[in-house]
Each structure stands twice: as C-alpha cells, then as structure tokens.
Amino acid sequence: MRRTTLLGGLATAALLAAAGSLPTTASAAPVSGDAFTRAVAQLKAHSGSALVADGQTFTLKNVSTDADGTEHVRLNRYQDGLPVLGGDTVVHLGKGNTWKGASQSLAAAPTRGAKARVSAAAADRAALATSTAATRRVDGSQLVYDADATGTALAYEVVVGGAYADGTPSELHVLVDATTGTVRDSWEGVQRDGTGNTFHSGSVAVGTTLSGGTYQLNDGARGGHKTYDLNGGTSGTGTLVTNASNVFGDGTLANRQTTAADAAYGAAETWDYYKSTFGRNGIRNDGVAAYSRVHYSTNYVNAFWSDSCFCMTYGDGDASQGWTPLTSLDVAGHEMSHGVTSNTAGLRYSGESGGLNEATSDIFGTLVEFYAANSNDPGDYLIGEELRTNGVPLRYMDKPSKDGSSADCWSRRVGSLDVHYSSGVANHFFYLLAVGSGSSSYGNSPTCNGSTVTGIGNAKAGAIWYRALTTYMTSRTDYAGARTATLSAAADLYGAGSVEYNTVAAAWSAVSVN
Ligand SMILES: [Zn+2]
C-alpha cells in the first residue's frame, strides 16, 4: 500500500533516518497516483520539506513552468537516509496539479545496500590516487547510493579539491565503491569552460578539456566536439587546437586560434539550440558530436558539411576580395543542419528537394543565430551578413531575389536553378510564416499573390519546419510535398484549422505553392 506523507521542516535525509520513518524494504519508483501528486503539490508550496513515499524520500530541487502552465517539478531522491545519485526524478503536472507523468533515469529503486567494507579514509586515499591535478586535498566524503544502468551500489562520494597548473580551481568528485574499493566514476565539479576570443562573435565561452597539462578545444559537454586546424590543407584532420592557457584566440586574424574559437562556439550554440528546442541530442540524435576543421586550403571562400567525415569545414575567405573567414554563427548552424537533414528527411541535393535542403539549413542557421542572442551578431533573416567587409549578405529571406539570383515565388523552372537559389521559395515562405508580409524591423516581404500574411513567430514556425523535416519529408519531397508536410506538422502541433495551420497554408500560397 502506498504511504505518502509530507514532513515539514526537515532539511536533511539523515534527520529522517534518525526519526525512524523509513521502511526497510526497497520499492518501485513513484508512479501515477493521486496521493503522490497531492504530496508533490504540497512540496512545491513548502520547499524546505521532504516527501516520503514507499520508503523513499524526495526533496524539491526546482520547478520550471511552460507557457501553457504545465509544471516540471524536479526532485532529489534519498533512500535509507542516503542520497541516491542518478535517482533524481521530474514530475510533470498539468493545470490544477494533475498528473502528466514522470521522467527518471533510474529504472528501479536501490535495494538496501551491502555492508561497506572499505572505510571512508581508505576511500579518500583511493580517490586521491586517481587525481591528476597539480595540487589536491580531500575536502570530505559521504556515503551514497550510486544508481546507473547496471544497478545500484553503496559508494563513498569523495570530493577532492585543488587547482590545475594554470590556477583553475578543481572540485573532483570521485565515487569509490564501498564494498570493493574500486573507483566507479569521477567528474569535475568546477565548470571549465574556456574563453574563445572569436572574430565574428566577440568573447564567448567555449567547451575545453584539460589533458596532460594542455587545454584542448574539445567540448566534453557536447558530445566531445573537437576543432582542428587544417593549416591550409584540404584533407585529414590537421592538428587538434590546443593551448597552454584556457583562452583561445585574441579576436584578430593574426592569431590562428581566433577562427577556431568561432567554429567551436558555432558548433556549441547549434548543439544547444537543437537540444533545448527539440530535445535533439546532436546531429544524429545519438549524443555524438561532429567535428570542425578551420583554415581549409588558401583563400577558400566557402564552408561545407560532409556526411562521409561527419564534419564541418571552414575556409578563411579572401581578404583581397573583401571576405573574412566563413565561421559566422549562421554559417555554423547552416552547416550542422545539413547533417540533421541527412539524418532525417535526407532531402536529395538537386532539384526542388535540393532547394528545400538548402532552405532547411538557412532556416535553422537563422534560428541558431536568434537562439545565441549574441550582441556581436544579433538575430536576423540574412544569411552570412558577417562574412563580407562591406556587410552585404549572401542571401535574404524576406525577399530572396534581392541577391540577384534567388527565386521569391515558385514556378516550373525553380527546380532547374542552383539549390542555393531554388531555396529562395522556402526561405521566403519561412519568413512570411514567422514574421509576416510587409515591412518590419527585419525586412520588407512581398507576397506573390497580393495577400497579407500575419506571422506566428520563430518558435512556432521553427517547430513546424522541424516536425515536417523529421516526420514527413523524404528524400524526394518537392515544394508541393513540403506544403503537405508542414500542414501535417502544424495539424499535429496546433490542430487542423488552427491559426498556425491556416498561416502555413496562407504562407505557401503567398509564394505560389498551392
Ligand atoms: Zn548549404
């Protein structure tokens, strides 16, 4: 029988254990239930309290709320008075505290652990022995349950303090199995983002890894994305970008790590955009990062994505022709999105499907730029506006024909254009869907049929395109098929006949796709 109580004012699980309120048998993780739901609702209102259910104890970590009022209540878990690492849970509540499910990484609750045979002092020594930082000290240890895919074990979590050789502080957490004395896991508690002094985006944080006393442009928090310097070469991976300090580039092109910082930053923002917006875990949605290569060839005025190497490559541009390196944020988002397309719809890179492939990259490159909210490169519906010293962009989404070559409206000849020009029809569609027709701070967008379109915003327009790309489009989708796919996506997300659905239809008609 489920037993759910709310205990007020208890700060620690140790106090709960001392109070003798915990049953001795382990039990399953929380599931749907009115009593548990009510208790979670009470816990939100008394954040210093603890909730006890089926012998497990939960405390409130935080609450996030969606626009529609759905709440995501994040809980820490304890058993037998000990923290359960990996047992954290998110309870999803609808309006009026109604149960909408729970998310948790722990398959089963921990069993009451075996008796520890290793003393805390021995665990501390084991942890220190694995430490690699320049200076180390044991700051403390605590008995915990460590839960992972293989089960649950009693372990000492030992915090080893110190500093790296360059002065960066360290709080290394080492989990030592309490029964066997082996190290189960370790992680650095101090976030060691490096600094990237980029050319296009100012001074930004970049993910780095300290290895053998040297910092690598290797972003462990985002699938291990690495940035390489090809040093003018056109094949292989060149040299992994490393530095003695955790600072890459100086904002000028005299320092060859400056563009490497741009590439690393663009990859990180793109990774974060897809993950936080769509829950997509990397280009293939498998948690594995691509890699980036900079300084490709000589005076190379382009950037490209390759499925075969699963990598992005950037040229330095040609200063004598007014080009800077092609490592701007929207270009990074554009290139990585080609990888997303390859791993979803697989739009063939010719004819109308090729134009849709290019437009998908322009759309998500633009949305990455908005997502980054970097004042050095603010969000806009221009593609590559940072690349030329005269500020002229490569492409315009409000009225694509402003580049002199792209199509604003669909016609039978669109499929015979270069894919970077046939993309204009879909870029124009997306601008109308997100922003609307006519004049705005972002541009001035005409319609091909004289209609007026009121935009639904980037978030909804992006969600519709992403769902269409990942759910309905296939390798040979053409413009007529894109209309059908986005209408299906809008119906899924917002309902057939909704404002969003009707705006998708109106925006396609406004670019002559009926
Ligand atoms: Zn492209």
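Give Ala459, Ala490, Ala505 a once-over and let me know the one that is surrounded by fewer than 18 Cβ atoms within 10 Å (Cβ to Cβ), closer than 19 Å to Phe364 by Cβ, away from the ligand (no atom under 16 Å from the Cβ) and modelled with pLDDT of 95 or more. Outline the logic, then answer.
Details: Ala490 fails: surrounded by fewer than 18 Cβ atoms within 10 Å (Cβ to Cβ); Ala505 fails: closer than 19 Å to Phe364 by Cβ.
After ruling out the rest, the residue left standing is Ala459.
Are there any pairs, at least 6 apart or on different chains, whose C-beta atoms fall under 8 Å, with the first in the stretch 421-442 and at positive phi and the second in a loop (DSSP other than H, G, I, E, B) and not hydrophobic (A, V, I, L, M, F, W, C), and if so, which?
Gly436/Thr452; Gly436/Gly455; Gly438/Thr452
Quick one: which helices (runs of 4 or more DSSP H) lie wholly within the stretch 350-438 and hold at least 2 residues that are more than 13 Å from the ligand (Cβ to nearest atom)? Steps first, answer last, please.
On the way: elements: 351-372, 419-422, 424-434.
Ranges flagged: 351-372, 424-434.
Any idea which of Val513, Val504 is of a type in the set (A, V, I, L, M), touching a residue at least 40 places away in the same chain (Cβ under 8 Å) and assigned to a loop (DSSP other than H, G, I, E, B)? Explain how you work it out, then say what you get.
On the way: Val504 fails: assigned to a loop (DSSP other than H, G, I, E, B).
Within the list Val513, Val504, the selection yields Val513.
Mind listing just one residue for me: the one in the stretch 60-94 that is closer than 20 Å to Asp34 by Cα and touching a helix residue (DSSP H, G or I) at 6+ places or on another chain (Cβ under 8 Å) and, of those, surrounded by the most Cβ atoms within 10 Å (Cβ to Cβ)?
Among those residues, the one meeting the criterion is Val91.
Does Ser411 fit the bill of being surrounded by fewer than 18 Cβ atoms within 10 Å (Cβ to Cβ), free of Cβ contacts under 8 Å to residues at least 60 places away in the same chain and of a type outside the set (A, V, I, L, M, F, W, C)? Working first, answer last.
Numbers: surrounded by fewer than 18 Cβ atoms within 10 Å (Cβ to Cβ): yes; free of Cβ contacts under 8 Å to residues at least 60 places away in the same chain: no; of a type outside the set (A, V, I, L, M, F, W, C): yes.
Considered against the rule, which asks whether it is surrounded by fewer than 18 Cβ atoms within 10 Å (Cβ to Cβ), free of Cβ contacts under 8 Å to residues at least 60 places away in the same chain and of a type outside the set (A, V, I, L, M, F, W, C), Ser411 comes out as no.
Residues that are closer than 27 Å to Gly282 by Cβ and either in contact with a Gly (Cβ under 9 Å, 6 or more places away or on another chain) or small (Gly, Ala, Ser) (or both): does the stretch 447-458 have at least one?
Yes; the residues of the stretch 447-458 include at least one that is closer than 27 Å to Gly282 by Cβ and either in contact with a Gly (Cβ under 9 Å, 6 or more places away or on another chain) or small (Gly, Ala, Ser) (or both).
If Ser306 satisfies every condition in (1) closer than 18 Å to Thr227 by Cβ; (2) without any contact (Cβ under 8 Å) to a residue 24 or more places away in the chain; (3) more than 15 Å from the ligand (Cβ to nearest atom) but one, which is the exception?
It fails just one condition, (3).
Quick check: is even one residue across the stretch 435-448 closer than 19 Å to Ile383 by Cβ, buried (at least 24 other Cβ atoms within 10 Å of the Cβ) and more than 26 Å from the chain's Cα centre (by Cα)?
Yes, the stretch 435-448 has at least one match.
Could you tell me which residue of the stretch 311-326 is nearest to Gly223 (Cα to Cα), considering only residues that are hydrophobic (A, V, I, L, M, F, W, C) and touching a Gly at 6+ places or on another chain (Cβ under 7 Å)? Even if it seems obvious, please write down each step before you answer.
Quick first cut of the stretch 311-326, residues hydrophobic (A, V, I, L, M, F, W, C) only: 311-312, 319, 323, 326.
Then drop every residue that is not touching a Gly at 6+ places or on another chain (Cβ under 7 Å), which leaves 323, 326.
On the way: Trp323: 31, Leu326: 23 Å.
Only one residue fits best here, namely Leu326.
Can you tell me which residue in the stretch 202-222 is farthest from Asn255 (Cα to Cα), limited to those that are at pLDDT 90 or above and in a loop (DSSP other than H, G, I, E, B)?
Thr208
I'd like to verify a number: residues in the stretch 439-479 that are part of a loop (DSSP other than H, G, I, E, B) and among the charged types (D, E, K, R), how many? Spell out the reasoning first.
Initial filter on the stretch 439-479 (part of a loop (DSSP other than H, G, I, E, B)): 441-442, 446-453, 455-457, 473-478.
Subset that is among the charged types (D, E, K, R): 476, 478.
Selection size over the stretch 439-479: 2.
Name the pairs whose Cβ atoms lie under 7 Å apart, with the first residue in the stretch 361-378 and free of Cβ contacts under 8 Å to residues at least 12 places away in the same chain and closer than 22 Å to Ser306 by Cα, the second more than 15 Å from the ligand (Cβ to nearest atom) and assigned to a helix (DSSP H, G or I), and 6 or more positions between them or separate chains?
Cβ pairs passing all conditions: none.
Scan the stretch 415-434 residue by residue and report those that are buried (at least 22 other Cβ atoms within 10 Å of the Cβ) and over 27 Å from the mean Cα position of the chain (by Cα). Can you show your working first?
Residues of the stretch 415-434 buried (at least 22 other Cβ atoms within 10 Å of the Cβ): 422-434.
Hits for the stretch 415-434 are Ser422, Gly424, Val425.
Can we say Val294 is under 22 Å from Gln216 (Cα atoms), within 17 Å of the chain's Cα centre (by Cα) and away from the ligand (no atom under 15 Å from the Cβ)?
Here the answer is no, as Val294 does not meet what is asked.
Please work out which residue is surrounded by the fewest Cβ atoms within 10 Å (Cβ to Cβ), limiting yourself to the stretch 309-325 and to residues that are closer than 15 Å to Phe199 by Cα and within 16 Å of the ligand (Cβ to nearest atom).
Gly315
Hey, can you tell me all the residues within the stretch 223-267 that are crowded, with 20+ Cβ neighbours inside 10 Å, among the charged types (D, E, K, R) and closer than 18 Å to Leu329 by Cα?
Across the stretch 223-267, the qualifying residues are Lys226, Asp262.
Of the residues in the stretch 223-240, how many are touching a residue at least 40 places away in the same chain (Cβ under 8 Å) and in a loop (DSSP other than H, G, I, E, B)? Step through it out loud before you land on a result.
First, the residues of the stretch 223-240 that are touching a residue at least 40 places away in the same chain (Cβ under 8 Å): 223-234, 237-238.
Next, only the ones that are in a loop (DSSP other than H, G, I, E, B) stay: 223-224, 230-234, 237-238.
Total meeting the criteria: 9.
The values are calculated or read from the model by the stated rules, or taken from the named source; none is laboratory data. Every value quoted in this text rests on a predicted model; they were computed, and no experiment measured them. All Cβ positions, glycine included, derive from the backbone under ideal geometry; neighbour counts span all protein chains shown.
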